[in-house]
Structures are given as structure tokens and as C-alpha cells.
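*Asks:* Here it is, the structure in full.
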Amino acid sequence: MSQNILVTGAAGFIGFHTALRLLKAGRYVVGIDNLNDYYDVSLKNARLKELSAFKNFIFIKEDISNKEGMEKIWSEYGSFKEVIHLAAQAGVRYSIENPYTYITSNIVGHLTILEMCRNTEGFKHLVYASSSSVYGGNKKLPYCIDDRVESPISLYAATKISDEMMSYSYSHLYNIPQTGLRFFTVYGPWGRPDMSPIIFAKAISEGSKVPVFNNGDMKRDFTYIDDIVSGIIATLEKPPTLEDNNAPHRTLNLGNNKSENLMDFISAIEKGLGKKAIIEFLPMQDGDVKETYADIKETTALTGYQPTTSIEQGIPKFIEWYKSYYK
Ligand SMILES: NC(=O)c1ccc[n+]([C@@H]2O[C@H](COP(=O)([O-])OP(=O)(O)OC[C@H]3O[C@@H](n4cnc5c(N)ncnc54)[C@H](O)[C@@H]3O)[C@@H](O)[C@H]2O)c1
């Protein structure tokens, strides 16, 4: 029988799509999620309903920071030799109001996953979510994997840098192959209601004001979900070796390698919905950065990752889902 693969955060946006791709490829997937109410739980349940149609899928509601619970899962369904770890408390802005959640899920939770992998004989590869926010207020663009990441401008970013550090040390100490993927603003069907694409689509459809920060002077390397999933799976198949970095650990950027003007992104959503936005220009928010742009040369060289979806192609697919889900 094919080995079970563990996907944490399986009810989340990226975890759902990753699990779906693996299930369609015939992999046996165990999904974990604590189904917290950071955003609408019914969306998480609706994603799980799609996954549950597959016989090769098992879902377990658990908190990754609960060591005993995780050990139980590992002994019942593991030992997992491949883990895609996407569960985290996401969101830059929320971390200003709710700092402790970030430490529990992103630091203690990450440590628990590392401990599980450490105690798994013949462990193959842990692929975990980092974020473009680790680049903080760096001025040099595009963001390159060798750039220094020591100035996080939100607690969320600080937890993601910490995860990378913790992972490096565990790789070094216990020879655990790991890759940290720095995702750049992911969008697409089944996306997160706290992120700009759904916030914009909802406001435009309802005819309410669209909040646009820094007076619209922002750029983002928007990355379509299918490209992200292709990158995660391509990475999983290429575990780093001890020779790579004095430890079998590496970090890679997963972006679209194209920084889009926020106002162009909004125009594409307006076009998809056939309705004009009522823009409300607002000042820059704490913890936010003006521009993101991913250098993906190393990712492409090591994994073959090559994003193919422009916003002109991706936004209509997102809008099609948005209209059918929120009808
Ligand atoms: N979406 C993006 O643009 C983006 C960008 C950079 C990094 N990331 C990272 O990618 C990963 C996935 O993000 P997403 O957009 O799918 O977010 P998401 O919030 O949709 O998914 C995360 C899932 O993890 C679950 N979770 C949170 N804390 C948990 C815990 N302690 N135990 C078990 N489950 C827990 C949540 O219930 C949620 O379903 C996260 O690590 C996030 O930080 C995402």
C-alpha cells in the first residue's frame, strides 16, 4: 500500500488544494486541522466535504500544538515519511491583536511537527509553509532567497522566520530533510475570506466601499493556487541533502515572479464581475509592505517549478468560483 502522506491545515486554502491534487494522483492523504474560527468555519467544512469524497482521504480534527494528540495520530496512521505542513495562524494584521495564537500555532505547533519527524525512522521530507513576509521591510527587489531576513515587521513574519531557524537546527541536528517554502500572495478558488481578492470581490458585488491601503500604491506578486500546488509537490519530490547547506534544509521562494499593481488586480476583478468598484483610499497599515516580488531562479533550478498563470487567466477562474460559492 502506498504510504500515507500528512497534510496539516488540510481544511485551509492551500492545504485543501494540495490534498486534492495528491488524492487525485492516488496518494493516501491524512489531513489535520483544528478548524479554528479565524475565518468562516463553514468554508473550511465545505472544503473538507470535497476532500471526503475520496476514499483515500482521512480527516482528523486536531491541534498541531497538542503533542499527545499528534503522537496518537502518528502511531495510528503514520509513521508519516512525508509531511506537508501548512497549518498556521495566518494573516499579518490579525497578529497585532492576537499575538499568542501565533506563538501557539506557528511556534509550538511547528516544534511538535519537527519532534514527530525527528522520531520517525527513515523520514523522507518535511515541506513547510514559510512566507514572503519574512523579507519584511527589505528594499531590494526582487526578493531573493539569499537576502537577509532579520527585520520582520509583524509578529506573523517573526514566527515564520523562527520556523525557518528551528527547522534548520533540527535538520542539522537530526538529519531531517526539510524545505521551507516562502509563498507570495496566493489567490484562486476556495481562497481565504480575510485576503484581498475575496474582500475586493465581496465589496464590489455588494456595491460597498473597497478598502485600498497606501492609496493604492502597492504591488504584489500574486500567485495562482494551481501554480503553488505544483510547486509544493515538485518540491516534495526533491528533498535536500546534507551537502546542500551543511544540513538537509533549504528555503525557496514560491511566487509568480511578476509584481502586479494592486489597482490592475482590482480592475481585473471589476472586469470579471462586470461591475465598477467604489474605492476608498486609506493610509498604509501597520505590518504591511508596499511591494513584493519573488526571485524564483533557485526554485526553478532545483525543482523545475515554473508558474504559468497570469492574473488575466487566474482572476476569471477565481471569480467563477466566487460567484457559484457565494450565490
Ligand atoms: N495564502 C497565502 O497567500 C499565504 C502566503 C504566505 C504564507 N502562507 C502560509 O501558508 C500556509 C497555508 O495558508 P492558507 O492561506 O491556506 O491559510 P488558511 O488559514 O486557509 O489555512 C491554515 C489552516 O490551518 C489550520 N490551523 C491553524 N492553526 C492550527 C493549529 N494550531 N492546529 C491545527 N490546524 C491549525 C486552520 O484552521 C486553517 O484551516 C500557512 O502556513 C500560511 O502562513 C500563505
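Rule-based calculations on the coordinates, nothing more; no lab input. Everything numeric here is computed off the predicted structure, so don't read it as measured data. Methodologically, a virtual Cβ is constructed for each residue, glycine included, from the backbone with ideal geometry; neighbour enumeration extends over all protein chains shown.
*Asks:* What length, rounded to one decimal in nm, is gained on full extension from Ala25 through to Asp288, with 0.36 nm per residue of separation minus their alpha-carbon distance?
*Replies:* 90.9 nm
*Asks:* Given an 8 Å cut-off on Cα distances and at least 6 residues of separation, report the relative contact order of the chain as a percent.
*Replies:* Reported relative contact order: 18 percent.
*Asks:* Can you order the peptides 280-291, 180-191, 264-275 by their average number of other Cβ atoms within 10 Å per residue, highest first?
*Replies:* 180-191, 264-275, 280-291
*Asks:* Another question about this same structure. Volume per residue, Å³, of the convex hull around the alpha-carbon atoms of the range 134-177? Can you show the working numbers first?
*Replies:* Working: hull volume 3.3 nm³, N = 44.
Looking at the range 134-177, the number lands at 74 Å³ per residue.
*Asks:* Continuing with this model, one more query. On a 30 Å Cα-Cα criterion, which of the cross-link pairs Lys72/Lys297; Lys44/Lys81; Lys61/Lys124; Lys124/Lys202; Lys124/Lys219 come out too long?
*Replies:* Those over the limit are Lys72/Lys297; Lys124/Lys202; Lys124/Lys219.
*Asks:* Just grab the label-to-label distance for Lys297 and Glu97, each label 7 Å out from Cα along the Cβ direction, in nm (one decimal).
*Replies:* 4.2
*Asks:* Can you work out the PRE-style zone for Gln306? Point 7 Å along Cα to Cβ, and I want the residues of the range 167-184 with backbone N under 16 Å.
*Replies:* none
*Asks:* Let me ask another. Provide the net charge surrounding Ser324, with neighbours chosen by a C-beta distance below 15 Å and charges set as Lys +1, Arg +1, Asp -1, Glu -1.
*Replies:* Neighbour charge sum, excluding Ser324 itself: +4.
*Asks:* Mind ranking 216-222, 9-15 by how tightly packed they are, going by the mean number of other C-beta atoms within 10 angstrom, highest first?
*Replies:* Result, highest mean first: 9-15, 216-222.
*Asks:* Next up: Residues of the range 309-327 with amide nitrogen under 19 Å from the 7 Å Cα-to-Cβ point of Lys202?
*Replies:* Of the residues in the range 309-327, 318-327 have backbone N under 19 Å from the label point off Lys202.
*Asks:* Turning to a different aspect of this structure: Would you please give the FRET efficiency between Lys67 and Glu243, computed as 1/(1 + (r/R0)^6) with r the Cβ-Cβ distance and R0 = 25 Å, to the nearest 0.05?
*Replies:* Details: r = 32 Å, r/R0 = 1.29.
That pair, Lys67 with Glu243, gives E of 0.20.
*Asks:* Right, another one. Under a plain spin-label model, where a point goes 7 Å from the Cα along Cα-to-Cβ, how far apart in nm are Tyr77 and Asp217?
*Replies:* If labels sit at Tyr77 and Asp217, their model points lie 4.9 nm apart.
*Asks:* Where the convex hull is taken over the Cα atoms of the range 1-130, what is its projected area averaged over directions, in nm²?
*Replies:* 7.6
*Asks:* Using label points projected 7 Å from each Cα along Cα→Cβ, tell me how many nm separate Tyr174 and Asn36, to one decimal.
*Replies:* For the pair Tyr174/Asn36, the computed spacing is 2.3 nm.
*Asks:* Using the alpha carbon gyration tensor of the chain, what are the three equivalent-ellipsoid semi-axes (square root of 5 times each eigenvalue), largest first, in whole Å?
*Replies:* Ellipsoid half-lengths, sorted descending, are 31, 23, 18 Å.
*Asks:* Now a separate question. Given 0.36 nm per residue, what is the gain on full extension from Gln313 to Met195 after removing their alpha carbon distance, in nm? Before the final figure, lay out each step's value.
*Replies:* Numbers: separation 118, 0.36 × 118 = 42.48 nm, distance 1.91 nm.
Stretched fully, the Gln313-Met195 segment lengthens by 40.6 nm.
*Asks:* Let me ask another. Along the positive direction of the dipole of the chain (beta-carbon charges: Lys, Arg +1; Asp, Glu -1; about the Cα centre), which of Ser105, Thr159, Pro211 reaches farthest?
*Replies:* Pro211
*Asks:* Moving on to the next point. In percent, what relative contact order does the range 179-327 have, based on Cα pairs under 8 Å that are 6 or more apart in sequence?
*Replies:* 38
*Asks:* Local charge sum around Ile228 (other residues, Cβ-Cβ under 15 Å, Lys/Arg +1, Asp/Glu -1)?
*Replies:* Working: positive: Arg21, Arg182, Arg192, Arg220, Lys258, Lys317; negative: Asp221, Asp226, Asp227.
Around Ile228, the charge tally is +3.
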